[in-house]
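What follows is a single structure, written as structure tokens, with notes after it.
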Amino acid sequence: MNIADYLTPYKWGKPVLTGSGTAGSFDEHAVDCPFVFRHQDKFYMMYVGFDGHGYQTGLAISDNLLDWQPLGLILRRGGGNGWDSLNAAGCWMLRENDMNGQPALKKWDNKYWLVYHAYPGDGYENGPGRIGLAWTEDPSLLTWNRLPDPILSPEDGAEWEKGGLYKECLVEHDGLFYLYYNAKNEADKSIGWIEQTGLATSPDLVNWTRAASNPLLQVTPEAWDSKFASDPCVLKHRDKWAMFFFGYDGKHAQEGIALSDDLLTWEKHPEPIVRSGPEGSLDSKHAHKPSVIRHEGILYHFYCACRPSQPGDITVNFGNEFRTIAVAASQPLTDN
């Protein structure tokens with residue numbers, strides 16, 4: 001398997017976005033789950049913030065992909081329909097598929113579309129997550145309308161996903177929508193749970209059918225992705241589809257790559273492509289949750305970086321960690 005075109009060995013080494021650390025703000029404790037795209041001649045990042053009670057979703061803007069300015073909340077607590085009123089973690093907007101082209105949003109039914117998940121309880125990922133859709137006609141992308149009901153729920157799925165549904169990736173290809181998502185089984189008290197990645201398809205964003213071959217991306221026993229194969233980021237590169245994802249072995253989460261000819265059958269590269277860093281580095285604990293774009297010939301791989309908290313950190317997340325957004329690239333990056 002030739003993966004040279006997908007590699008980003010040059011880490012920026014410092015956060016591109018951190019939580020605010022401000023009491024009562026939606027990102028008081030952490031930021032997570034970057035999704036980077038191009039819109040109206042600017043770069044945008046949708047991301048999730050954690051405030052100790054649940055996830056809410058914000059938007060940031062940049063001219064150069066390295067310096068980011070938060071714009072505000074787009075999915076907030078209390079704005080949902082009961083099942084998603086406590087939290088909403090936005091993970092993907094419908095965008096152009098080509099990894100080498102403009103990472104621009106695209107419309108369907110003259111609307112922009114966003115996919116997110118929500119947990120039923122107060123706290124850190126408390127209870128089985130469900131997946132929902134929101135849409136907007138607002139070009140500023142600041143005001144979204146959530147569909148009243150989830151489009152996928154764990155109760156309707158197989159045993160591998162009964163524990164809850166997580167981060168999503170929405171792709172449109174040849175008139176069909178592909179919704180990739182990771183999910184967990186119900187935890188075994190002796191070994192915890194397993195997270196793997198599945199697929200549901202729809203012709204209209206309303207009626208969804210899970211793939212018969214789910215989970216499409218499975219964990220590998222006794223490997224770097226033995227517990228999780230999660231958080232899909234699916235893009236087209238020439239005649240192949242690429243799925244960036246993260247694997248977890250119980251100690252470290254790291255980024256991987258899988259390739260496909262048909263969006264259904266995936267072959268994983270056996271080793272991580274973005275590894276957790278050495279002790280003391282920004283991503284010494286985890287380097288995970290990919291968002292990948294190309295700009296001016298450089299491939300940018302945004303991810304969530306975690307290390308144990310240190311004195312002076314602006315935020316401290318659940319689990320006594322510093323959780324922030326970082327980037328690696330195919331070429332060395334310099335301050336602009």
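The values are calculated or read from the model by the stated rules, or taken from the named source; none is laboratory data. No experiment lies behind these values; they were computed from the predicted model shown. Please note: Cβ atoms are built from the backbone with ideal geometry, for glycine as well, and neighbour counts cover all protein chains shown.
Among residues of segment 291-323 being β-branched (V, I, T) and not in a loop (DSSP other than H, G, I, E, B), the one that is nearest to V274 (Cα to Cα) is V292. For the structure I just gave you, tell me whether G72 is part of a strand (DSSP E or B), among the small types (G, A, S) and crowded, with 21+ Cβ neighbours inside 10 Å. In short, no. Condition (residue is small (G, A, S), touching a residue at least 40 places away in the same chain (Cβ under 8 Å) and under 21 Å from V115 (Cβ atoms)) applied to segment 68-75: is it met by at least one residue? Yes.
Taking segment 104-117, which residues are touching a residue at least 40 places away in the same chain (Cβ under 8 Å) and either under 18 Å from F245 (Cα atoms) or not in a loop (DSSP other than H, G, I, E, B) (or both)? Selection gives A104, L105, W108, W113, L114, V115, Y116, H117.
Residue-level analysis places L65 among those that are under 16 Å from F302 (Cα atoms) and part of a loop (DSSP other than H, G, I, E, B). Please determine, by comparing only the residues of segment 130-146 that are part of a loop (DSSP other than H, G, I, E, B) and without any contact (Cβ under 8 Å) to a residue 40 or more places away in the chain, which one is surrounded by the most Cβ atoms within 10 Å (Cβ to Cβ). So, considering only residues that are part of a loop (DSSP other than H, G, I, E, B) and without any contact (Cβ under 8 Å) to a residue 40 or more places away in the chain, the one surrounded by the most Cβ atoms within 10 Å (Cβ to Cβ) is D138. Please determine, by comparing only the residues of segment 91-103 that are touching a Phe, Trp or Tyr at 6+ places or on another chain (Cβ under 8 Å) and in a loop (DSSP other than H, G, I, E, B), which one is surrounded by the most Cβ atoms within 10 Å (Cβ to Cβ). The residue in question is P103. Of the candidates D249, D231, the single residue that is acidic (D, E), in contact with a Pro (Cβ under 7 Å, 6 or more places away or on another chain) and either over 25 Å from L165 (Cα atoms) or modelled with pLDDT of 95 or more (or both) is D231. Looking across E172, E168, E155, E125, one residue alone is of a type in the set (D, E, K, R), under 19 Å from the mean Cα position of the chain (by Cα), surrounded by fewer than 20 Cβ atoms within 10 Å (Cβ to Cβ) and not in a loop (DSSP other than H, G, I, E, B). It is E172. The set of residues in segment 283-318 being of a type in the set (V, I, T), crowded, with 19+ Cβ neighbours inside 10 Å and within 25 Å of A23 (Cα to Cα) consists of T315 alone. Here segment 15-61 is the region considered, the condition is being surrounded by fewer than 19 Cβ atoms within 10 Å (Cβ to Cβ) and charged (D, E, K, R), and the residue that is modelled with the lowest pLDDT is D41.
Please work out if A328 is touching a Lys or Arg at 6+ places or on another chain (Cβ under 9 Å) and more than 27 Å from F50 (Cα to Cα). No, not satisfied. Meeting the requirement of 1 or more residues that are among the β-branched types (V, I, T), in contact with a strand residue (DSSP E or B) (Cβ under 8 Å, 6 or more places away or on another chain) and surrounded by 20 or more Cβ atoms within 10 Å (Cβ to Cβ), the strands (runs of 3 or more DSSP E) wholly within segment 199-263 are 228-237, 253-260.
Looking across segment 197-228, the residues that are touching a Lys or Arg at 6+ places or on another chain (Cβ under 8 Å) and either aliphatic (A, V, I, L, M) or under 24 Å from D109 (Cβ atoms) (or both) come down to L199, A200, L217, V219. Say whether the condition of being over 21 Å from S140 (Cβ atoms), in contact (Cβ under 8 Å) with a residue 60 or more places away in the chain, part of a strand (DSSP E or B) and in contact with a Gly (Cβ under 6 Å, 6 or more places away or on another chain) is met by at least one residue in segment 6-23. Scanning segment 6-23, I find no residue that is over 21 Å from S140 (Cβ atoms), in contact (Cβ under 8 Å) with a residue 60 or more places away in the chain, part of a strand (DSSP E or B) and in contact with a Gly (Cβ under 6 Å, 6 or more places away or on another chain), so the answer is no. When every residue of segment 35-44 is checked against the conditions, at least one turns out to be more than 28 Å from P148 (Cβ to Cβ) and either among the hydroxyl-bearing types (S, T, Y) or assigned to a loop (DSSP other than H, G, I, E, B) (or both).
Selection of segment 1-14 for residues being under 13 Å from L333 (Cα atoms) and crowded, with 18+ Cβ neighbours inside 10 Å yields T8, K11, W12.
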